[in-house]
Amino acid sequence: DEQAAQAQFDRIIDADGRIEPRDWMPAAYRKTLVRQISQHAHSEIIGMQPEANWITRAPSLKRKSILMAKVQDEAGHGLYLYSAAQTLGIGREEMTDQLIAGRARYSSIFNYPTPTWADMGAIGWLVDGAAIANQVPLCRASYGPYGRAMVRICKEESFHQRQGFEILLELSQGTEAQHRMAQDAVDRWYWPSLMMFGPPDDESPNSAQSMAWNIKRFSNDELRQRFVGMLVPQAEVLGLTLPDPNLAWNDETGAYDMSEIDWTEFHEVLAGRGPCNAQRLQHRRQAHEDGAWVREAAHAYAATQATTEQV
Ligand code: ACO
């Protein structure tokens, strides 16, 4: 009965074990996982757009092949994550419909434009860096299919982060104009990358329950602090400045002091009013419509196969 099933679920969570698709789970646990995993999957898919913008204009054949591979990795991440969500009983078509109807969330970060090549460096260093800080602990998420998908995703994200760092390093050590371009990209991406970790802890409605269920292992602010701690020495190596005059290590608190994040901007982007929200959704909708013939062909093929097997 339900009480026994709940007790068994609680025992697994208390022992830091894994919940698998066929296990009983509370409806709210299932719901929060679908919410987080579908948001995460959509982020990977929408996240292909800002970088795809530079594939045809990458400065060399080598850079172009690296960027293409990276954008393909993101498609792969989206697909693992949609599959993980599907094990919870939601279909990929339903998730896609929610996304193109503008009813699903995806990370705020992908609503910013990529006007220069240095943005490819800043996305790798800052955006993929933030993704790693957020996602390495998710490899230990209590839901098996999600945690396992994160392992490979994190390995690939580490490679992405290094390629971004390397782009910025080369630009930073290049001509004066290249150095300025790198600094400008870091200036534009730094604050949005800090917003990727979500609202401050005291305004994060989902954190406490997600941590109790061992889905999240650290709070939004803890991970944001950890990320900043990673960036400070790396910015020094890059010879670039993080655009926060108040950023300083505080011995007493054992954490970095920093300026207040512009939460109005964060909420505007979440409400669909960021610089590129409309464009990102429109592009995704168009791609979905353009792909209709592939889905129809696949359905027709599947139907033919089904009748052939019956013969
Ligand atoms: N962009 C868009 N929405 C956000 C963001 C953000 N940066 N941060 C928080 N939100 C949303 C949450 O999804 C939640 O909305 P919902 O209740 O409608 O789902 C709401 O703001 C309140 O936030 P929290 O209570 O803090 O939500 P949660 O506990 O889910 O924490 C977090 C948010 C940290 C983003 C978490 O969902 C997470 O770790 N997700 C997996 C990682 C991920 O999605 N990464 C995507 C970007 S990285 C990449 O794909 C390369």
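Just so it is clear, none of the values below were taken in a lab; they were calculated from the coordinates. Only a predicted model underlies this, so the values are computations on that prediction, with no experimental measurement involved. Heads up, the Cβs are rebuilt from the backbone with ideal geometry, glycines too, and the neighbour counts pull from every protein chain shown.
The table below gives the values:
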| item | result |
| --- | --- |
| Cβ charges +1 (Lys, Arg) and -1 (Asp, Glu), total dipole of the stretch 73-144, debye | 240 debye |
| 14 Å reach of a label modelled at Glu289, 7 Å along Cα-to-Cβ, counting backbone N of the stretch 89-122 | 100-101 |
| Expected-Rg normalisation [2.2 N^0.38 Å, Cα atoms] applied to the stretch 156-231 | 1.42 |
| Surrounding net charge for Ala212, when Lys and Arg each add one and Asp and Glu each subtract one, Cβ distance under 11 Å | -1 |
| Positive-end extreme of charge dipole, the stretch 159-311 - chosen from Gly174, Ile215, Pro200 (charges on Cβ) | Ile215 |
| Cβ-based net charge around Arg140, under 11 Å, with every Lys or Arg adding one and every Asp or Glu removing one | +3 |
| Burial ranking of peptide ranges 137-146, 255-264 (average Cβ count within 10 Å, highest at the top) | 137-146, 255-264 |
| Simple spin-label estimate for Glu176 and Glu2 in nanometres, 7 Å along Cα-Cβ | 7.2 nm |
| Expected 222 nm ellipticity per residue - DSSP helices of 4 or more, -39500 (n - 2.57), all of the chain, to 500 | -21000 deg cm²/dmol |
| Residues whose placed amide H lies under 5 Å from that of Tyr256, excluding near-sequence neighbours | Asn250 |
| Given charges at beta-carbon only (K, R positive; D, E negative), |dipole| of the chain in Debye | 1000 debye |
| Scattering profile of the stretch 57-175 at q = 0.16, 0.19 Å⁻¹ [log10 I(q)/I(0), Debye over alpha-carbon scatterers] | -0.87, -1.13 |
| Simple Cβ-charge dipole of the stretch 103-188, Lys/Arg +1 and Asp/Glu -1, about Cα centre, in debye nearest 20 | 620 debye |
| Extension gain, Thr253 back to Asn206 (0.36 nm per residue minus Cα-Cα distance, nm) | 14.3 nm |
| Residue-span extension gain [Arg35 to Glu156] - 0.36 nm each, minus C-alpha spacing | 41.2 nm |
| Out-of-range pairs (alpha-carbon distance over 32 Å; input Lys62/Lys155; Lys70/Lys216; Lys64/Lys216) | Lys64/Lys216 |
| Radius, Kirkwood style, for the stretch 176-279 when every pair of distinct Cα atoms is counted (Å) | 15.6 Å |
| Leading residue at positive end of dipole, the chain (Cβ point charges), from Gly17, Gly291, Trp54 | Gly291 |
| Compactness of the chain, expressed as Rg and Dmax over alpha-carbon positions, Å | 21.0, 77 |
